[in-house]
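Have a look at the structure below, then the notes.
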Amino acid sequence: MSLPDCLISPDDLLTISVYDAPDVSGEYRVSPTGQIQVPLLTAPVEAAGRTPGQLAGLISEKYSRAEIYSHPRVTVAIKESRVHSIAIAGAVKRPQIYPVFGRTTLMDLLSQAEGLADDAGTLAVITRGDIARQALASQEACGASPKPPSCEGTFSVDLNRLTATGDPLLNVDLYPGDRVAVQRAGIVYVVGAVNKPGGFALTTGQDKMTVLQALALAGDLKATAAQSRAMIMRKNAAAPGRDEIAVNLSKVLSGRQPDAQLQANDILFVPDSSGKKALHRGAEAAVTAATWGLIYHY
């Protein structure tokens, strides 16, 4: 299926070329009211709402009627357009608005943005624009039940699977006016009796980190660490506050207990055996240290 015709919009930047007339050829900005002032013509020309070909024909006709050029050959192209573009934001190396005048794919756009940033998460959230909605409305697949996720107004793509497999179902078509947001990876905090407490970003494509990986990033345990009394503090999705998950680091380090998985925004708290602090005071100190650790880390 072809895209709807690309129409000129207010504030678009146009390249207008008149054959054998370099003095009038150049770049022209469409005014907020949708007009452009073309050299040698006394009145502005209505540009908004026309295709580049239609505008080229209109300018040619006006030059002929005014007897400025006998058989003018005019071409018009859209160089920049806020409407005919795709915005990509978030964890990519060059987040910005890219001009797109036809159909493109998610992988194409990621390539234009020079790839994922080091702190990229696993999801890209795509929000459809008007042109995509118009183009997809007539596609047979989008009329089926259930509809593919790419037919929805907003949907997400698993970047891990896309980059690993190049699955064409994940490498979705994008249209002018769509917006793409690449989520940043979460942070895991390690505080207490470790050598380098702080906040550590999950690397590109990760949504989890193990306890031993987190301890390695934190410079390992201090000699005074109470290894058997460590805990993971995790946000409770159903209620305010955090759940406390006991972790016996002695058993984890010796292989007698599985290496637990940490999720984004978890706090791994390792108490100091010489501190003898109450549990709630330790939790409060963990949150404070985590905040300062994140600042230190970045």
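The values are calculated or read from the model by the stated rules, or taken from the named source; none is laboratory data. Note that the coordinates shown come from a computational prediction; the quantities given were computed from them, not determined experimentally. Cβ placement follows ideal geometry from the backbone for every residue including glycine, while neighbour counts extend to all protein chains displayed. Calculation scope for accessible area: heavy atoms of the full protein, side chains included, ligands and nucleic acids excluded. Shrake-Rupley method; radii C 1.70, N 1.55, O 1.52, S 1.80 Å.
See the values below:
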item: Overall form of the stretch 64-149 per C-alpha gyration tensor (a/c, 1.5; a/b vs b/c); result: oblate
item: Residues residue 184 and residue 244, FRET efficiency given R0 of 25 Å [Cβ-Cβ distance, rounded to 0.05]; result: 0.40
item: Residue 232 accessible area, 1.4 Å probe, all protein chains in place, Å² to nearest 10; result: 0
item: Cysteines without a disulfide-compatible partner [the chain; Cβ-Cβ under 4.7 Å]; result: 6
item: Surface share of carbon and sulfur [accessible, 1.4 angstrom probe, percent] for the stretch 93-194; result: 50
item: Listed residues 81, 149, 91: farthest to the positive end of the dipole of the chain (Cβ charges); result: 91
item: Rounded percent of accessible protein surface that carbon and sulfur make up, the stretch 1-76, 1.4 Å probe; result: 50
item: Solvent-accessible area per residue, Å², over the chain with all protein chains present [probe radius 1.4 Å]; result: 54
item: Solvent-accessible ranking of 128, 82, 103, largest area first, probe 1.4 Å; result: 82, 103, 128
item: Contour minus Cα-Cα distance for residue 142 and residue 19 (0.36 nm per residue); result: 39.8 nm
item: ³J(HN,Hα), Karplus 6.51/-1.76/1.60, whole Hz, each residue of the stretch 130-146, x for Gly, Pro; result: 5, 5, 5, 4, 5, 5, 6, 4, 9, 7, 4, 4, 7, x, 7, 10, x
item: 11 Å beta-carbon shell around residue 231, net charge (K/R +1, D/E -1); result: 0
item: Nearest-10 value in Å² for the accessible area of residue 269, using the 1.4 Å probe; result: 30
item: Kirkwood Rh in Å, taken over all unlike Cα pairs in the stretch 122-267; result: 18.3
item: Within the chain: Cβ-based charge dipole about Cα centre, in debye rounded to nearest 20 (Lys, Arg +1; Asp, Glu -1); result: 1320
item: Accessible-area value, residue 244, 1.4 Å probe, nucleic acids and ligands omitted, Å²; result: 100
item: Over the chain: helical MRE at 222 nm, DSSP H runs n ≥ 4 each giving -39500 (n - 2.57), nearest 500; result: -6500 deg cm²/dmol
item: For the stretch 76-88, 3J(HN,Hα) per residue [Karplus equation, 6.51 cos²θ - 1.76 cosθ + 1.60, θ = phi - 60°, Hz, x = Gly/Pro]; result: 10, 9, 8, 8, 9, 7, 6, 6, 8, 7, 10, 9, 10
item: Distance from the stretch 25-96 to the stretch 142-178 (C-alpha centre basis), Å; result: 33
item: Dipole in debye (nearest 20) - the stretch 157-229, about Cα centre, beta carbon charges: Lys, Arg +1; Asp, Glu -1; result: 480
item: From the coordinates shown, semi-axes √(5λ) of the Cα gyration tensor in Å corresponds to which of (1) 59, 21, 15; (2) 28, 23, 20; (3) 33, 21, 17; result: (1)
item: Computed FRET value (nearest 0.05) for residue 31 with residue 77, which takes r as the C-beta separation and R₀ as 22 Å; result: 0.75
item: Estimated FRET transfer efficiency when R0 is 25 angstrom, pair residue 210-residue 237 (beta carbons, to 0.05); result: 0.75
item: Accessible area in the full protein assembly, largest first, 1.4 Å probe, for 81, 273; result: 273, 81
item: Neighbourhood charge, 13 Å Cβ-Cβ cut-off, centred on residue 105 and excluding it, Lys, Arg +1 and Asp, Glu -1; result: -3
item: Potential lengthening between residue 54 and residue 251 on full extension [0.36 nm per residue; Cα-Cα distance subtracted]; result: 63.4 nm
